[in-house]
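J.: Input: one structure, supplied below.
The values are calculated or read from the model by the stated rules, or taken from the named source; none is laboratory data. Since the model is a prediction, treat every value here as computed from it, not as a measurement. Neighbour counts are summed over all protein chains in view; Cβ atoms, including those assigned to glycine, are modelled from backbone coordinates with ideal geometry.
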Amino acid sequence: MTDATIIGGPSLPQERKLVTAIPGPKSQELLARKNAAVASGVGVALPVFTVAAGGGVLVDVDGNSLIDLGSGIAVTGVGNSAPKVVEAVKAQVERFTHTCFTVTPYDGYVEVAEKLNELTPGDHDKRSALFNSGAEAVENAIKIARHFTKRNAVVVFDHAYHGRTNLTMGMTAKNMPYKDGFGPFAPEVYRAPASYPYRDGLTGAEAAAQAILQIEKQVGAANTAAVIIEPIQGEGGFIAPAEGFLPAIQEWATANGVVFILDEVQTGFARTGDMFAADHEGVVPDLVTTAKGIAGGMPLSAVTGRTDIMNSAHAGGLGGTYTGNPTAVAAALATIETYQEENLVERAREIGAIIEEFFTELAKSDDRIGDIRGRGAMQAIELVESGSKTPAAALTGAIAKYAGEQGVILLTCGTYGNVIRFLPPLSISDELLREGLQIVADALAAN
């Protein structure tokens, strides 16, 4: 058991402190137990076992304090133990933990739906349905779109990531580690070229025209139920499409009766410097999926969209035993309140500016930083071989390893395995953020 006296939250000392090598002896002991008890398919990026977290740090069982530049993959935007979220969860657990909303409902679910209808892009009439995970939200969005249109085909894009269920694996582009050996996958999923400015050199209009031509020739608009895309592709490499790409795809979808779905699982809730990434170009989706940053670390996701589309599914067609769990919706309401009261949208922009400035300067002396991209507190650098655009996957892995050994939690991504992504909690201080970025610079210098 871990030390129960350690309390997390913003009151934790906001410092990087190493008292052992990473991983330390207690973490190594727990890793051995993990390997003996947990399926090997459940891997870990950095084998340090957490006992407390808050602000911009994570404390492990050995007493090391690490800088968190991952937020549990963009989940803890408000911090790992934001005070309002903690209090809301405690209060709800004392009342009740479960009834199943589709058996005997409760007001928290309704309040979260009302908030999502208000906050998501567009001022049209909306409805929401709650689920447990991002993949589950995506799968239900596809169900709803197919039911509404009476069509089958679903169009996804190069570099996409949508989840690990059978349907969403088929929608995800990258084979390893997400798809390899797990097929066959669900049918009627078709892939179109995405906008990747660093590598394709196309304008948004050009990239959209290329994608639309392929959809029309290889799928057919009359057969297409939905087009779904991440407004900034996450696992695929934090790829922000060229300006105009998303509006053009949306315009084509609307003109052809195709449901336009934005997957904002990773980009939603202040992460990109807007409440939703769609707001950057004023794109209004028919349906939007959310999860990750929605509930301060509690498992919750949602599909929100146009009332006629959302209400097309018959009663009983949407739901699940745990969907919209009372504790998770209580956490979501407190999380949304925290985003608004602490102006975390603006904080995300400040964080993004620091990261972009740091690596723009560093790239002047290191041409292996091929691209610096992202928005708000969703930033990335794409690493390449010197003097080329050849992906430098080995270098990327070495940087992440070095950072972990120095007490910085750093995540990688990208179809080619050569992107380092920065997803710090929006509660991190400038000082901690800059210290973490300097460790990355040190890692580049050492490799």
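J.: Look through 403, 394 and report the one residue that is surrounded by fewer than 20 Cβ atoms within 10 Å (Cβ to Cβ), assigned to a helix (DSSP H, G or I), in the same structural domain as residue 60 (by TED's automatic domain parsing) and out of contact with any His (no Cβ under 7 Å at 6 or more places or on another chain).
T.: Selected residue: 394, the only one of 403, 394 that is surrounded by fewer than 20 Cβ atoms within 10 Å (Cβ to Cβ), assigned to a helix (DSSP H, G or I), in the same structural domain as residue 60 (by TED's automatic domain parsing) and out of contact with any His (no Cβ under 7 Å at 6 or more places or on another chain).
J.: Looking only at the stretch 99-126, filter to residues that are of a type in the set (A, V, I, L, M) and within 30 Å of residue 11 (Cβ to Cβ); which one of those is surrounded by the fewest Cβ atoms within 10 Å (Cβ to Cβ)?
T.: 119
J.: Of the residues 129, 137, which single one is touching a strand residue (DSSP E or B) at 6+ places or on another chain (Cβ under 6 Å), surrounded by 22 or more Cβ atoms within 10 Å (Cβ to Cβ) and assigned to a strand (DSSP E or B)?
T.: Only one candidate qualifies: 129.
J.: Within the set of pairs 6 or more residues apart or between chains, which connect a residue that is outside the structural domain of residue 303 (by TED's automatic domain parsing) inside the stretch 134-160 to a residue that is of a type in the set (Asp, Glu) and not in a helix (DSSP H, G or I) with Cβ atoms less than 8 Å apart?
T.: none
J.: Here is a further query. Scanning the stretch 406-447 for residues that are over 26 Å from residue 273 (Cα atoms) and in contact with a helix residue (DSSP H, G or I) (Cβ under 9 Å, 6 or more places away or on another chain), which turns out surrounded by the fewest Cβ atoms within 10 Å (Cβ to Cβ)?
T.: Only one residue fits best here, namely 446.
J.: A follow-up question, please. Take the conditions in a loop (DSSP other than H, G, I, E, B), assigned by TED's automatic domain parsing to the domain that holds residue 130, surrounded by fewer than 24 Cβ atoms within 10 Å (Cβ to Cβ) and out of contact with any helix residue (DSSP H, G or I) (no Cβ under 9 Å at 6 or more places or on another chain) and apply them to residue 320. Does it pass?
T.: When the stated conditions are applied, residue 320 does not pass them.
J.: If you scan the stretch 100-123, which residues turn out to be within 15 Å of residue 306 (Cβ to Cβ) and either small (Gly, Ala, Ser) or part of a helix (DSSP H, G or I) (or both)?
T.: Correct list: 113, 116, 117, 118, 122.
J.: For residue 294, work out the one condition from (1) within 30 Å of residue 242 (Cα to Cα); (2) touching a residue at least 60 places away in the same chain (Cβ under 8 Å); (3) touching a helix residue (DSSP H, G or I) at 6+ places or on another chain (Cβ under 6 Å) it doesn't fulfil.
T.: Failed condition: (2).
J.: In addition: Spot the failing condition for residue 366; the list is (1) of a type outside the set (A, V, I, L, M, F, W, C); (2) touching a residue at least 24 places away in the same chain (Cβ under 8 Å); (3) touching a strand residue (DSSP E or B) at 6+ places or on another chain (Cβ under 9 Å), and only one is missed.
T.: Evaluating residue 366 over (1) of a type outside the set (A, V, I, L, M, F, W, C); (2) touching a residue at least 24 places away in the same chain (Cβ under 8 Å); (3) touching a strand residue (DSSP E or B) at 6+ places or on another chain (Cβ under 9 Å) leaves (3) as the failure.
J.: Further question: May I ask you to list the residues in the stretch 229-244 that are β-branched (Val, Ile, Thr) and either modelled with pLDDT under 95 or touching a His at 6+ places or on another chain (Cβ under 7 Å) (or both)?
T.: Of everything in the stretch 229-244, just one residue is β-branched (Val, Ile, Thr) and either modelled with pLDDT under 95 or touching a His at 6+ places or on another chain (Cβ under 7 Å) (or both), namely 239.
J.: Return yes or no: is residue 146 within 24 Å of residue 256 (Cβ to Cβ) and either under 17 Å from the mean Cα position of the chain (by Cα) or assigned to a loop (DSSP other than H, G, I, E, B) (or both)?
T.: In short, no.
J.: So, residue 354, is that one surrounded by fewer than 20 Cβ atoms within 10 Å (Cβ to Cβ), of a type in the set (A, V, I, L, M) and touching a Leu at 6+ places or on another chain (Cβ under 7 Å) or not?
T.: Yes: the conditions hold for residue 354.
J.: Residue by residue through the stretch 166-179, note down the ones that are outside any helix (DSSP H, G or I) and either within 22 Å of residue 227 (Cα to Cα) or among the small types (Gly, Ala, Ser) (or both).
T.: If the condition is that a residue be outside any helix (DSSP H, G or I) and either within 22 Å of residue 227 (Cα to Cα) or among the small types (Gly, Ala, Ser) (or both), then 172, 173, 174, 175, 178, 179 are the ones that fit.
J.: Given the conditions (1) closer than 30 Å to residue 70 by Cα; (2) of a type outside the set (A, V, I, L, M); (3) in contact with a strand residue (DSSP E or B) (Cβ under 9 Å, 6 or more places away or on another chain), and given that residue 311 satisfies all but one, which numbered condition is not satisfied?
T.: (1)
J.: Output the residues belonging to the stretch 161-186 that are free of Cβ contacts under 8 Å to residues at least 12 places away in the same chain and either of a type outside the set (Gly, Ala, Ser) or outside the structural domain of residue 143 (by TED's automatic domain parsing) (or both).
T.: Of everything in the stretch 161-186, those that are free of Cβ contacts under 8 Å to residues at least 12 places away in the same chain and either of a type outside the set (Gly, Ala, Ser) or outside the structural domain of residue 143 (by TED's automatic domain parsing) (or both) turn out to be 175, 176, 179, 180, 184.
J.: Using the structure shown, decide if residue 278 is assigned by TED's automatic domain parsing to the domain that holds residue 140, surrounded by 22 or more Cβ atoms within 10 Å (Cβ to Cβ) and touching a residue at least 40 places away in the same chain (Cβ under 8 Å).
T.: The answer is yes for residue 278.
J.: Among what's in the stretch 207-261 and is touching a residue at least 12 places away in the same chain (Cβ under 8 Å) and of a type in the set (D, E, K, R), pick the residue that is surrounded by the fewest Cβ atoms within 10 Å (Cβ to Cβ).
T.: This residue is 243.
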